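J.: Questions regarding the structure given below will be posed in turn.
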Amino acid sequence: MLRAHANKALIISRAHFALALGAAVLLAGCSVEKRIRPSHFRDWVPEQALLPYVEHHGSQVTVRNVRNNKYFANDVYLVDHYDKTFDLNQVRAADYIVVPFAGMPALAHTMLSFELAGPNGAPEHLAVSVEVRKERGEQYNPLKGSARQYELMYVVADERDVIQYRTNFTGEEVHLYRTTASPEAARALLADVLARVNQIARKPEFYDTLTNNCTTNIVEHMNRVRPNRIALDPRVLLSGYSDELAYEQGLIERHGTFLETKGRALVNPMAQRYAGRDDFSQMIRRR
């Protein structure tokens with residue numbers, strides 16, 4: 001195990017050097033204005049044009065611009081948003097979502113989703129995805145991500161958007177793990193996430209491939225709620241292994257070995273079967 005972790009650390013070190021070198025080369029051809037100052041005012045792709053923000057009234061919060069796009073194909077969709085009001089005391093649990101990159105499973109996109117007690121007692125879910133905010137015609141490039149060429153965005157979304165799109169239209173594997181967070185810890189984690197949502201809405205930031213990405217932000221949220229809960233580990237940056245790290249540290253529920261837990265966490269079959277249903281989030285958890 002120690003050797004495996006050392007090998008992952010070596011991979012990260014080499015990747016860090018390669019990214020730094022590549023970013024330095026790219027800087028010569030990149031927009032100077034964009035490198036100097038992040039902005040909320042660019043020609044964004046439609047699905048990322050609207051930033052979420054949060055209004056607080058005691059323990060009650062209203063999240064504005066919860067995204068719930070309707071997808072008909074990989075690149076055919078109807079942009080849709082709604083507002084969601086709930087009491088933080090309704091938060092019951094938190095889930096960790098890992099989406100490995102096709103052909104590069106050592107890397108992954110990671111997300112959080114929070115379970116709330118709905119008005120009729122049925123669970124509701126609110127997902128949060130930290131992403132590169134892209135301009136029209138722009139594609140993600142990890143070298144550019146280390147050269148201050150992308151802004152950072154928190155997408156607060158319906159699971160029928162951020163999960164169903166990946167399972168049903170892009171062909172990605174989506175693994176959903178129930179965390180071991182108590183309702184109180186999940187509530188504190190969501191409160192910290194929502195504070196960050198407003199921070200980004202007020203002041204834009206640059207995304208960074210290594211230091212300000214989906215997984216590093218999740219780790220920072222967790223360590224603010226419980227200091228030093230997640231120690232420095234190569235698998236924070238090699239995010240395709242982050243679920244293994246979470247398993248070892250007792251952050252996610254275990255169902256046998258890690259491989260058995262990971263296999264059980266795959267939601268694709270259920271997501272494809274129950275696509276579009278109002279109870280989509282409940283059904284994908286019946287595995």
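J.: With respect to Asp192, is the statement that it is surrounded by 20 or more Cβ atoms within 10 Å (Cβ to Cβ) and of a type in the set (Asp, Glu) true?
T.: So Asp192 fails the test.
J.: For region 62-105, what are the residues that are assigned to a strand (DSSP E or B), modelled with pLDDT under 95 and among the small types (Gly, Ala, Ser)?
T.: Scanning region 62-105 gives a single hit, Ala73.
J.: Residues that are farther than 25 Å from Val61 by Cβ and of a type in the set (D, E, K, R), at least 2 per element: which strands (runs of 3 or more DSSP E) completely within region 110-196 meet that? Before you say what the answer is, go through the steps one by one.
T.: Numbers: elements: 123-133, 151-157, 175-178.
In region 110-196, there are no strands (runs of 3 or more DSSP E) which contain 2 or more residues that are farther than 25 Å from Val61 by Cβ and of a type in the set (D, E, K, R).
J.: Would you point out the residue of region 29-49, among those that are surrounded by 10 or more Cβ atoms within 10 Å (Cβ to Cβ) and in a helix (DSSP H, G or I), that is modelled with the lowest pLDDT?
T.: For region 29-49, the residue satisfying everything is Lys34.
J.: For region 247-267: of the residues being out of contact with any Lys or Arg (no Cβ under 8 Å at 6 or more places or on another chain) and charged (D, E, K, R), which is surrounded by the most Cβ atoms within 10 Å (Cβ to Cβ)?
T.: Lys262
J.: Quick check on region 248-266: of everything there that is in a helix (DSSP H, G or I) and touching a residue at least 60 places away in the same chain (Cβ under 8 Å), which residue is farthest from Thr110 (Cα to Cα)? Don't jump to the end; show me each part of the working.
T.: In the first step, residues of region 248-266 are kept if they are in a helix (DSSP H, G or I); the result is 248, 258-265.
Of the ones still in play, those that are also touching a residue at least 60 places away in the same chain (Cβ under 8 Å) are 261-262, 265.
Numbers: Thr261: 17, Lys262: 14, Ala265: 14 Å.
My answer is Thr261.
J.: Okay, next question. Out of region 166-189, which residues are crowded, with 20+ Cβ neighbours inside 10 Å, touching a strand residue (DSSP E or B) at 6+ places or on another chain (Cβ under 8 Å) and of a type in the set (Ser, Thr, Tyr)?
T.: Result: Tyr177, Thr179.
J.: Can you name the residue in region 202-234 that is modelled with pLDDT of 95 or more and in contact with a His (Cβ under 8 Å, 6 or more places away or on another chain) and is also surrounded by the fewest Cβ atoms within 10 Å (Cβ to Cβ) among such residues?
T.: If we take residues in region 202-234 being modelled with pLDDT of 95 or more and in contact with a His (Cβ under 8 Å, 6 or more places away or on another chain), then Pro204 is surrounded by the fewest Cβ atoms within 10 Å (Cβ to Cβ).
J.: Can you name the residue in region 268-287 that is in a helix (DSSP H, G or I) and of a type in the set (A, V, I, L, M) and is also surrounded by the most Cβ atoms within 10 Å (Cβ to Cβ) among such residues? Lay out the reasoning, then the answer.
T.: Pass one, region 268-287, residues in a helix (DSSP H, G or I): 268-273, 280-283.
Restricting the remaining residues to those that are of a type in the set (A, V, I, L, M) gives 270-271, 283.
Working: Met270: 17, Ala271: 23, Met283: 16.
Going through the qualifying residues, I end up with Ala271.
J.: Looking only at region 107-132, how many residues end up being more than 19 Å from Arg285 (Cβ to Cβ) and in contact with a Lys or Arg (Cβ under 8 Å, 6 or more places away or on another chain)? Steps first, please.
T.: Quick first cut of region 107-132, residues more than 19 Å from Arg285 (Cβ to Cβ) only: 107-109, 119, 130-132.
Still in the running and in contact with a Lys or Arg (Cβ under 8 Å, 6 or more places away or on another chain): none.
Qualifying residue count for the region: 0.
The values are calculated or read from the model by the stated rules, or taken from the named source; none is laboratory data. Treat the numbers as computed from the prediction; the structure is a model and nothing was measured. Neighbour counts run over all protein chains shown; Cβ positions are idealised from the backbone, glycine included.
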